[in-house]
Structures are given as C-alpha cells and as structure tokens.
Amino acid sequence: MTFQANRQSDADASPIRYRRSRLLSFRDSLRKTPLSARIGLVVIALYVTMAVFAPLLAPFGEADVVSSEPFAPWGIVHLLGTDQMGRDVLSRLIYGARNSVGIAFITTSLAFVVGAGLGIFSAISSPWFDNVLSVVADTLMAIPQLIFALILLALFGSSITSIVLIIAMLNATQIFRLSRLLARNVVVMEYIEAAYLRAESTWWIITKEVLPNVLPTLLAEFGLRFCFVFLTISALSFLGLGIQPPSADWGTMVRESATFISYGNITPLLPAAAIAILTVSINFVIDWFLDVTSGLRNDG
C-alpha cells in the first residue's frame, strides 16, 4: 500500500514539476535574450496594447471633430495637434494601431492558413494535384504584387473585406511555395515512410510528423510576412486604395498631411515613424527567434 501511495504521489506531483520546469526555462530564455530582441518585444507589446485598448487610451474618438481649427499646433489639449478636419492626431494614431496592425494580422493569419495548408498538403498529395497548385501559384507570383493589388481593389472596391482577401491571396502564393518546399524535405524521411506503413491517415501525418518539423521556419516567416502585409496595406492607404476614411490608418494619415513637411511640421512623420518602428522591432524578434531555433545562439 505504501509503495502504491508513493507512486500515486509522484504521478500527482509530476505535472506540477513539469509546469515549473517549463516556466523556469522560459524565464531563463528571456534572461538570455539579446537587447535588440528585448526592445522589439517591448515595442510589439506596446503596439498590441494600443490596438486592444484604443478606446480607453485615446483622449478623443477616432473620427470626432474636436476642434474648429484645422492643423492646430501641438498643445495641452491636443498633444500632437489636429488634422485637416480638426480631429485629434494622437487619438487617430492610437486608433491607427488597431486598424493597421489588426487588419495586417488578420490578413497574414488568413494567408498562412491557406498558403501553408495547401503547401503541406500539396507536398504529400498526388503529383497532378501538386502540379496544378504549383502552376496557379507561379502564375500569381509572376504578376507584381502591388500592381495586382491595385487592379483588384479598383475592380472590387476598397472595403476592409476586399483588402483582407486580396492581400491574403497574393501573399498565400509565396507562403505556399515555402511550406511546400519545407514539407517536401520532410516527407522523404524514414519516419514518414514508417507512418505510411502503420497505415496512419494523411491528417495524422500532417499534424504529428510534418507540421512540427516545419513550424519554426513558418513562424519566422509569419513575422516577416506580417511586415510585408503591414507595409503593403500602408502603401495602398497612402495611394488612396487602402483603409478608407473616416477609419484611422497610418498610411492615410501620412498622405493627408504630407505637404506640411515642407513647412517644418513633423506631424506627418509620426505615423511614418510608427510604421518603421514596428517593422524594425518585428525584425529584431525574428532574428533572435531564428538564431535560437537554429541553434546558432543558445547562450544569448
């Protein structure tokens, strides 16, 4: 009875020890994180906080006209002044984080679900299906992405749904190519053949064997692809075919006040700086993540 009780006690305590060891290892990995990656993580956390809690952080509403004076200078009431319609620039910057970052994240997630899913499935499917998907992806990739996006948005309109679907489709082709290449390198391994001999299903092979081996690279690509999508949406907004007013968007804010740079007003540089800072911060984190997953930097 004592022996069985001890075994039961060890079994009950093992999950606790396991969770504690995972927490300790995570804390140690954060301590070994280089300064650039720490700065990137802090900046990303700040942007996420602004996007989630924009109504609480912004002093005014997203589209509220709060001043009768357009392009008012910086002051106590309006810390960053007002825009051409008398809307508070600081509030629109904060709401711009929700629109720009949020829409870019949704677009990138959709592109990865479609592109990575089709790429992995194509790598283990029949040759004719693989060839059809590859030809479609190559055809779409042959057209310059920004020009193709401009044509499609001019045809279908610049609604948020159109922006998400069009940009996700264009980026899914490149994700398809990468995931297909990674999966093809995995499906030739002996443990995949052993899984087929055990009569495992295709879904089991994808989720249990292929996906865990390609996931680190795909996660790094997710960060890079997010930057590309984020910059594409900002460029489309700057050209007038992205997120439409009165919704706040950093690309639109740069376009609306770009002429004031000539008069020494740095307000147009604020949304441009917000775009650049987020992009650089994500690249810092991706570089660190790639070093850790590849084993090139284990000690910080």
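Considering every residue within segment 260-273, establish whether at least one is modelled with pLDDT of 85 or more and under 17 Å from the mean Cα position of the chain (by Cα).
Step one: of segment 260-273, the residues modelled with pLDDT of 85 or more are 270-273.
Within this subset, residues satisfying the condition of being under 17 Å from the mean Cα position of the chain (by Cα) are none.
No, segment 260-273 contains no residue that is modelled with pLDDT of 85 or more and under 17 Å from the mean Cα position of the chain (by Cα).
Please find, among Ala72, Ala97, the residue that is in contact with a Phe, Trp or Tyr (Cβ under 9 Å, 6 or more places away or on another chain) and hydrophobic (A, V, I, L, M, F, W, C).
Details: Ala72 fails: in contact with a Phe, Trp or Tyr (Cβ under 9 Å, 6 or more places away or on another chain).
When all the criteria are applied, what remains is Ala97.
In segment 130-164, which residue that is in contact with a Gly (Cβ under 9 Å, 6 or more places away or on another chain) and under 19 Å from Ala104 (Cα atoms) is surrounded by the fewest Cβ atoms within 10 Å (Cβ to Cβ)? Step through it out loud before you land on a result.
Looking only at segment 130-164, we keep the residues that are in contact with a Gly (Cβ under 9 Å, 6 or more places away or on another chain), and these are 133, 137, 153, 158, 163.
Filter once more, so that each one left must be under 19 Å from Ala104 (Cα atoms): 153, 158, 163.
Working: Leu153: 20, Ser158: 16, Ile163: 27.
Within segment 130-164, the match that is surrounded by the fewest Cβ atoms within 10 Å (Cβ to Cβ) is Ser158.
Looking across segment 135-161 at every residue that is under 18 Å from Ser100 (Cβ atoms) and not in a helix (DSSP H, G or I), the one that is modelled with the lowest pLDDT is identified as Ser158. Among the residues of segment 277-293, the ones that are modelled with pLDDT under 90 and within 21 Å of Ala258 (Cα to Cα) come to 0 in all. In segment 270-285 there is no residue matching the filter, namely being over 20 Å from Ile103 (Cβ atoms) and out of contact with any Gly (no Cβ under 9 Å at 6 or more places or on another chain).
Taking segment 42-65 on its own, how many of its residues are buried (at least 17 other Cβ atoms within 10 Å of the Cβ) and of a type in the set (A, V, I, L, M, F, W, C)?
Quick first cut of segment 42-65, residues buried (at least 17 other Cβ atoms within 10 Å of the Cβ) only: 43-44, 47, 50-51, 54, 58, 60, 62.
With the extra rule that they be of a type in the set (A, V, I, L, M, F, W, C), the set shrinks to 43-44, 50-51, 54, 58, 60.
The total comes to 7.
The values are calculated or read from the model by the stated rules, or taken from the named source; none is laboratory data. As the structure is a prediction and not an experimental result, all values here were calculated from the model. Here the Cβ is made from the backbone with ideal geometry for all residues, glycine too, and neighbour counts use every protein chain on show.
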